[in-house]
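To start, the structure under review is shown below, and the notes come after it.
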Amino acid sequence: MIEKYNFLGSDFERDAPREMVLLSIISQSFFQPFSLEDNLLVILTALTSGSGVGFNRAMLFLKQGDRLKGEMWLGPRSAEEAGFIWEVLSTPGIGYIEIIEHNRALVSKNEDTLSSRLKGLVFAVDEETALIPAYAACRKEILLVREAASEPLVDKRFLDVIQVDEFLCIPLLARDEVLGEIVLDNAITRTPITPADIKLAGLCGLIAGNYIYSTTLHRKLLNMEKMAAMGEMAMFVTHQLRNPIVAVGGFTDQLLKPDVPEDKRRRNLTIIRDEVRRLEDIIYQMGHFLKVSLKEPAYFDPGPVLAGVFDSPEVQTKSQGYTLNVKLEPCLPLILCDPISFGEVVRNLLDNAFDATPTGGAVTVRGYRKNRSGFVLSVRDTGRGISNPDKDQLFRPFFTTKEKGMGLGLPFTKRVMDTCGGKVDVQSRVGKGSLFKLIFICRERE
Amino acid sequence: MKKNILLVEDEKALCLLYEEELTREGYAVTAVTNAEAALAELGKTAFDLIVTDIRMPGKNGIELITQIMGLRKDIPIIINSAYQSYKEDFMTWAADAYVVKSASLDELKSKIKQLIGD
């Protein structure tokens with residue numbers, strides 16, 4: 001007998017040990033396609049929420065070059081505000097998602113929030129001269145500071161901002177590298193920081209450090225992939241642009257010679273017009289692919305977007321002579337993606353499916369839930385299929401088997417899916433057809 | 001007698017352009033759009049020169065050159081490509097000339113003249 005469990009189990013019981021609750025909150029948030037900033041906010045939230053460690057305030061510095069730079073500071077500004085915020089946050093039915101949303105609003109406000117007081121603060125991480133907080137980052141040690149006002153190692157500028165006697169400094173480490181620091185205190189309740197608090201906060205620091213490390217690596221990797229793609233692109237562009245330009249130039253030269261017969265003149269002008277259109281198309285596609293960043297994904301109803309794609313003149317024209325089957329589950333869930341990119345990706349897959357399939361063949365689009373948090377949109381064709389060597393290259397920019405293709409459709413698809421935390425899956429058999437599956441993160445409608 | 005040129009170019013518009021321009025120069029031009037067709041034509045006519053593109057669907061120009069060298073070593077070959085960078089591929093050194101495609105066909109025409117005369 002086999003029992004299956006989801007990684008994202010239901011929330012922990014109220015009486016679960018707080019270490020478990022904390023780890024659960026943090027790891028669940030890493031599982032979501034949140035941005036680096038949002039996930040760091042989750043860590044600060046976990047450190048300050050009552051169901052987590054329960055510090056009053058949490059401050060985050062990130063290391064940039066050899067300096068610690070204040071990034072965000074979470075917590076109430078005063079006892080009155082604390083009472084109000086904590087009352088809101090302890091309302092029954094409020095989960096960590098709501099708390100994060102609340103906190104996101106809090107740190108992004110323009111007025112005099114704690115975060116805005118922290119933003120300008122920068123401390124040099126320098127072995128010789130560093131004072132607290134940078135001192136903790138230099139030493140790679142957790143420091144509990146008491147009687148801060150009389151401690152010579154504490155930076156006076158920092159003391160002016162934090163205005164508290166007791167606080168805890170947790171450097172964020174990964175592979176022996178300092179990536180930032182978290183400073184925690186109980187400025188409102190004045191509760192002393194216990195060894196258990198320190199242990200738990202240290203654990204959070206390790207998780208946060210490794211999270212920042214892997215996110216930075218991932219960003220670097222994406223950048224390198226982009227650079228490599230740019231190199232290939234430069235080479236490809238030369239070819240793609242040069243051919244039509246040579247045709248335009250060559251046929252224009254012919255036109256400039258004396259006594260060009262009318263039929264030849266017309267023919268040359270037609271060729272020139274077609275080649276210029278091709279140039280335009282190439283430039284459009286390049287620009288599209290090169291869009292520096294895609295829009296942030298958000299949950300939306302894919303139904304209307306899909307309907308728009310199926311009804312679009314391009315798809316209507318392309319599907320003539322084919323059977324287009326659409327089988328969508330009733331009551332689609334909300335999926336996480338940028339709606340415009342989603343439409344483009346689906347249109348692109350349909351385009352490929354029709355191109356690969358001989359006239360008279362069938363293309364089938366299906367949309368169904370894979371599980372509670374996954375939605376699959378698949379496009380199946382009955383075309384020529386993809387050979388194994390070609391399959392390995394499908395997502396490489398500028399790889400194409402089409403005569404006039406640019407080889408940018410599937411790399412774009414992959415970029416979109418990467419950006420929204422989704423996946424593309426390809427199954428294909430030569431002579432039988434291909435099945436492309438887009439797997440999105442989804443959630444039920446409210 | 002007109003000199004025979006085999007022209008291999010997959011872009012239809014360019015194929016037409018080169019064919020017309022080289023014909024105007026006084027050559028007998030056989031134009032094909034892929035390597036397979038080129039090999040078939042090689043069996044039929046005694047060409048004096050081959051002008052070939054590199055990037056083509058199916059067999060590319062470098063593979064074509066390799067095969068031609070195995071068949072007839074004596075035919076001069078000109079590579080006419082949109083890519084500058086293939087010059088670094090030593091397989092293209094087997095060709096007698098390398099011309100980067102340009103809207104002016106002067107370089108191509110003068111290389112042909114150098115290799116086989118008018």
Do any cysteines in the protein assembly as shown lack another Cys Cβ under 4.7 Å, and if so which? A:Cys138, A:Cys169, A:Cys204, A:Cys331, A:Cys442, B:Cys15
Name the residue farthest towards the positive end of the dipole of the range A:294-446 from the options A:Phe399, A:Ala307, A:Val430, assuming +1 on Cβ of Lys and Arg, -1 on Cβ of Asp and Glu, about the Cα centre. A:Val430
Checking the a/c ratio against 1.5 first, then a/b against b/c, what shape does the Cα gyration tensor give for the range A:294-446? prolate
How large is the charge dipole for the protein assembly as shown, taken about the Cα centre, if only the Cβ atoms of Lys, Arg (+1) and Asp, Glu (-1) carry charge, to the nearest 20 debye? 1540
Just the number, please: percent antiparallel of the DSSP beta bridges in chain A, rounded to the nearest 5. 90
Between the range A:136-199 and the range A:417-446, the alpha-carbon center distance in angstrom: 46
Give me the extension gain from A:Met286 to A:Thr216: residue separation times 0.36 nm, minus the current Cα-Cα distance, reported in nm with one decimal. 22.5 nm
Amide proton proximity set for B:Tyr98, modelled H, under 5 Å, gap of 5+: B:Ile79
How would A:Met20, B:Met56 rank on accessible area, largest to smallest, probe 1.4 Å? A:Met20, B:Met56
How large is the charge dipole for chain B, taken about the Cα centre, if only the Cβ atoms of Lys, Arg (+1) and Asp, Glu (-1) carry charge, to the nearest 20 debye? 200
Once you have a ≥ b ≥ c as the square roots of the Cα gyration tensor eigenvalues for the range A:123-209, tell me rounded if a/c is under 1.5, and otherwise prolate or oblate according to whether a/b is larger than b/c. oblate
If the label point is 7 Å along Cα→Cβ of A:Glu177, which residues in the range A:113-128 have backbone nitrogen under 18 Å from it? A:125-126
Setting aside same-chain residues fewer than 8 positions from A:Lys437, which lysines have a Cα under 20 Å from its Cα? A:Lys327, A:Lys370, A:Lys391, A:Lys414, A:Lys423
From the protein chains alone at 1.4 Å, what is the descending order of accessible area for A:Phe236, B:Phe90, largest first? B:Phe90, A:Phe236
Residues with amide H under 5 Å of A:Phe398's amide H, sequence separation 5 or more or different chain, H placed in the peptide plane at 1.01 Å from N; which? A:Leu408
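For peptide B:6-17, compute the average count of partner chain beta-carbon atoms within 10 Å of each residue's beta-carbon.
4
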Can you work out ³J(HN,Hα) from phi for every residue in the range B:103-118, in order, using Karplus 6.51 cos²θ - 1.76 cosθ + 1.60 and θ = phi - 60°, giving whole Hz and x for Gly and Pro? 5, 8, 8, 4, 5, 4, 4, 6, 5, 4, 4, 4, 7, 10, x, 6
antiparallel share of DSSP beta bridges within the range A:322-399, to nearest 5, in %, is 55
Neighbours of A:Lys156 by Cβ distance under 15 Å: Lys/Arg at +1, Asp/Glu at -1, summed charge -4
Once both label points are put 7 Å beyond Cα along the C-beta direction, the B:Lys59-A:Lys391 separation in nm becomes 2.9
Over the protein assembly as shown - Rg/Rh using Cα atoms and the Kirkwood inverse-distance radius: 1.13
In what sequence, highest mean first, do A:171-181, A:63-73 appear when ranked by Cβ atoms within 10 angstrom? A:171-181, A:63-73
Using protein heavy atoms only (no ligands, DNA or RNA), what is the total accessible area buried between A and B, 1.4 Å probe, nearest 100 Å²? 1800
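Just to make sure I understand: if all protein chains stay in place, what is the order of A:Thr401, A:Thr359 by accessible area at 1.4 Å, largest first?
A:Thr359, A:Thr401
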If you take the charge dipole of chain A about its Cα centre, with +1 on Lys and Arg Cβ and -1 on Asp and Glu Cβ, which of A:Tyr322, A:Gln163, A:Leu36 is farthest toward its positive end? A:Tyr322
Per residue accessible area of the protein assembly as shown, 1.4 Å probe, in Å²: 51
Between B:Gly26, B:Tyr98, B:Asn60, whose Cα lies farthest towards the positive end of the dipole of chain B when Lys and Arg beta carbons carry +1 and Asp and Glu beta carbons carry -1, centred on the Cα centre? B:Gly26
Where both partners of a DSSP beta bridge lie in the range A:294-446, what percent of those bridges are antiparallel, to the nearest 5? 80
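For chain A, what does the relative contact order come out to in percent, with C-alpha contacts under 8 Å and a separation of six or more? Kindly include the intermediate steps, with their values, before the conclusion.
Numbers: 660 pairs, mean separation 44.2, N = 446.
Relative CO of chain A lands at 10 percent.
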Between the range A:222-248 and the range A:368-410, the Cα center-to-center distance that results, in Å: 22
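Can you compute the FRET efficiency between A:His102 and A:Asp253 using 1/(1 + (r/R0)^6), with r the Cβ-Cβ distance and R0 = 60 Å? Round to the nearest 0.05.
With a Förster radius of 60 Å, E is 0.30.
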Can you give the FRET efficiency to the nearest 0.05 for A:Met1 and A:Arg372, using r as the Cβ-Cβ distance and R₀ = 30 Å? 0.85
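The values are calculated or read from the model by the stated rules, or taken from the named source; none is laboratory data. All values derive from a computational prediction rather than experimental measurement. Heads up, the Cβs are rebuilt from the backbone with ideal geometry, glycines too, and the neighbour counts pull from every protein chain shown. The accessibility values were calculated without ligands, DNA or RNA, using every heavy atom of the protein model including side chains. Shrake-Rupley method; radii C 1.70, N 1.55, O 1.52, S 1.80 Å.
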